[in-house]
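Visitor: Quick one: structure below, then a few questions.
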Amino acid sequence: MVAFRFHQYQVVGRGLPTPTEDHPRIYRMKLWATNEVRAKSNNGQILAFNEIFEKNPTTIKNFGIWLRYQSRTGYHNMYNEYSDTTLNGAVEQMYTEMASRHCAASRSSRQPLSTPNICKHIRFLLVYQKVRPPSRKLQTTFKASRPNLFV
């Protein structure tokens, strides 16, 4: 099992009541944070807080992520697609790519907006979880068939 650095949380909260407004509007946010303390670190009153888990973390899905980040020249909007089994894994890939290719720190990226891509005919091959031979003498350089993958 892969331990993700970022987790998705749902925070339901409102602003603090004031003498002019006794019942402020209630807002719901979905956000990614490294732990619960950082997800709760906002001003206001938290009414509900829970972590969102993937319904089916064993199937491969394609996620499209809209994001806004700050570079040396200004703010930029970007859309990227990632293939992963969970949305947390796709967000982790997004932050890793932003740090490596665009030299953008995680604090300069705004909250990403993700949309799952539902295309039945698109398939991606996982190449990092293949079965290894039990001994060196059974190992071959070339195979006539594609590797079997177990998720």
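The values are calculated or read from the model by the stated rules, or taken from the named source; none is laboratory data. Since this is a predicted model, take the numbers as computed values, not measurements. Note that we place each Cβ from the backbone using ideal geometry, even for glycine, and neighbour counts take in every protein chain shown.
Visitor: Inspect all residues belonging to segment 39-55 and state whether any of them is under 15 Å from the mean Cα position of the chain (by Cα) and part of a strand (DSSP E or B).
Guide: Yes - at least one qualifying residue is present in segment 39-55.
Visitor: Going by the structure shown, is SER83 assigned by TED's automatic domain parsing to the domain that holds HIS121, in a strand (DSSP E or B) and either more than 30 Å from HIS121 (Cα to Cα) or touching a residue at least 24 places away in the same chain (Cβ under 8 Å) (or both)?
Guide: Yes; evaluated as a whole, the condition is true for this residue.
Visitor: Identify all residues within segment 63-88 that are surrounded by fewer than 15 Cβ atoms within 10 Å (Cβ to Cβ) and acidic (Asp, Glu); write none if there are none.
Guide: GLU81
Visitor: Here is a further query. Please specify each residue of segment 25-42 satisfying the condition of being farther than 20 Å from PHE6 by Cβ and touching a residue at least 12 places away in the same chain (Cβ under 8 Å).
Guide: If the condition is that a residue be farther than 20 Å from PHE6 by Cβ and touching a residue at least 12 places away in the same chain (Cβ under 8 Å), then ILE26, TYR27 are the ones that fit.
Visitor: Here is a check on your reading of the model: is TYR27 surrounded by 12 or more Cβ atoms within 10 Å (Cβ to Cβ), modelled with pLDDT of 90 or more and not assigned by TED's automatic domain parsing to the domain that holds HIS121?
Guide: Considered against the rule, which asks whether it is surrounded by 12 or more Cβ atoms within 10 Å (Cβ to Cβ), modelled with pLDDT of 90 or more and not assigned by TED's automatic domain parsing to the domain that holds HIS121, TYR27 comes out as yes.
Residues checked against (1) more than 30 Å from HIS121 (Cβ to Cβ); (2) surrounded by 12 or more Cβ atoms within 10 Å (Cβ to Cβ); (3) outside the structural domain of HIS121 (by TED's automatic domain parsing):
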{"site": "LEU16", "(1), (2), (3)": "yes, no, yes"}
{"site": "HIS23", "(1), (2), (3)": "yes, no, yes"}
{"site": "LEU47", "(1), (2), (3)": "yes, yes, yes"}
{"site": "LYS61", "(1), (2), (3)": "no, yes, no"}
{"site": "ALA90", "(1), (2), (3)": "no, yes, no"}
{"site": "HIS102", "(1), (2), (3)": "yes, yes, no"}
